[in-house]
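Worksheet: one structure, shown below.
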Amino acid sequence: MKINITYATILGTSQGLAEDLEDELSATHDVSVTDIMHLALDDLYDGSFYVFTSSTTGRGELPDSATDFVEDLNDAKPDLSALNFAIFGLGDMGYAETFNMGSQRLADLLTGFGANQIGERGIHDASAGDEPEDIAIPWVNGILAKLPEQVEAS
């Protein structure tokens with residue numbers, strides 16, 4: 001399966017997680033990693049299963065690296081009904097009011113244009129002491145194991 005892991009990051013944690021997921025999945029899948037700032041709308045139609053990782057900044061916003069992508073989506077209003085994706089958010093419960101809202105905003109944006117979110121949004125809480133990959137690797141493997149039935153249900 002062709003998988004594109006796309007990250008939106010501030011300090012690099014989401015990028016590091018994307019690379020850890022690539023290491024985990026590349027033995028059995030055709031995996032690429034893309035910074036969301038380099039993701040063009042046309043890329044979303046390449047038949048890949050997309051796995052987005054995103055941190056949260058400010059008052060629950062996406063990182064600045066996602067600004068152009070979000071603007072492009074809002075300007076073009078594309079039909080993303082052929083896009084299947086999963087999303088994993090990085091946050092810190094110390095900021096409870098905005099905890100993991102960046103990834104939720106990205107998921108809402110994509111589904112708002114018809115994309116199909118597969119599985120539950122994965123979340124990491126930096127204040128819990130777990131490493132992001134310790135949560136994300138079992139999460140993504142669980143989604144991929146059930147992917148055919150989840151795609152049919154969407």
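Go through Ala115, Ala126, Ala107, Ala96 for me and flag whichever is surrounded by fewer than 13 Cβ atoms within 10 Å (Cβ to Cβ) and of a type in the set (A, V, I, L, M, F, W, C).
Ala96
If you go through segment 73-93, how many residues are under 22 Å from Asp46 (Cα atoms) and loosely packed, with under 14 Cβ neighbours inside 10 Å?
Residues flagged as under 22 Å from Asp46 (Cα atoms) and loosely packed, with under 14 Cβ neighbours inside 10 Å within segment 73-93 amount to 7.
Answer with yes or no whether Ser54 is within 16 Å of Asn4 (Cβ to Cβ) and either surrounded by fewer than 13 Cβ atoms within 10 Å (Cβ to Cβ) or without any contact (Cβ under 8 Å) to a residue 60 or more places away in the chain (or both).
Spelling it out, Ser54 is indeed within 16 Å of Asn4 (Cβ to Cβ) and either surrounded by fewer than 13 Cβ atoms within 10 Å (Cβ to Cβ) or without any contact (Cβ under 8 Å) to a residue 60 or more places away in the chain (or both).
For segment 83-95, check the following and say yes or no: at least one residue is more than 12 Å from the chain's Cα centre (by Cα) and within 20 Å of Leu25 (Cβ to Cβ).
Scanning segment 83-95 turns up at least one residue that is more than 12 Å from the chain's Cα centre (by Cα) and within 20 Å of Leu25 (Cβ to Cβ).
For segment 29-51: of the residues being in contact (Cβ under 8 Å) with a residue 24 or more places away in the chain and assigned to a helix (DSSP H, G or I), which is nearest to Gly122 (Cα to Cα)?
Ile36
Yes/no matrix, rows are residues, columns are (1) farther than 24 Å from Gly91 by Cβ; (2) aliphatic (A, V, I, L, M):
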{"position": "Tyr7", "(1), (2)": "no, no"}
{"position": "Gly16", "(1), (2)": "no, no"}
{"position": "Val31", "(1), (2)": "yes, yes"}
{"position": "Leu39", "(1), (2)": "no, yes"}
{"position": "Glu71", "(1), (2)": "no, no"}
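Can you tell which of Phe88, Phe99 is closer than 17 Å to Leu21 by Cα, among the aromatic types (Phe, Trp, Tyr) and in contact with a Ser or Thr (Cβ under 8 Å, 6 or more places away or on another chain)?
Phe88
Just give me the residues in segment 84-103 being farther than 21 Å from Asn141 by Cβ and either in a loop (DSSP other than H, G, I, E, B) or free of Cβ contacts under 8 Å to residues at least 40 places away in the same chain (or both), in sequence order.
Selection gives Gly91, Asp92, Met93, Gly94, Tyr95, Ala96, Glu97, Phe99.
Looking at segment 11-26, can you tell me whether even one residue there is in contact with a helix residue (DSSP H, G or I) (Cβ under 6 Å, 6 or more places away or on another chain), of a type in the set (Gly, Ala, Ser) and not in a helix (DSSP H, G or I)?
No, that holds for no residue.
For segment 113-131, how many residues meet the condition of being over 22 Å from Leu147 (Cβ atoms) and not in a loop (DSSP other than H, G, I, E, B)?
Here the count works out to 4.
Are any of the residues in segment 67-83 in contact (Cβ under 8 Å) with a residue 24 or more places away in the chain, out of contact with any helix residue (DSSP H, G or I) (no Cβ under 9 Å at 6 or more places or on another chain), charged (D, E, K, R) and not in a helix (DSSP H, G or I)?
Among the residues of segment 67-83, at least one is in contact (Cβ under 8 Å) with a residue 24 or more places away in the chain, out of contact with any helix residue (DSSP H, G or I) (no Cβ under 9 Å at 6 or more places or on another chain), charged (D, E, K, R) and not in a helix (DSSP H, G or I), which makes the answer yes.
Throughout, read-outs are computed from the coordinates displayed, never taken from laboratory work. Since the model is a prediction, treat every value here as computed from it, not as a measurement. Neighbour counts are summed over all protein chains in view; Cβ atoms, including those assigned to glycine, are modelled from backbone coordinates with ideal geometry.
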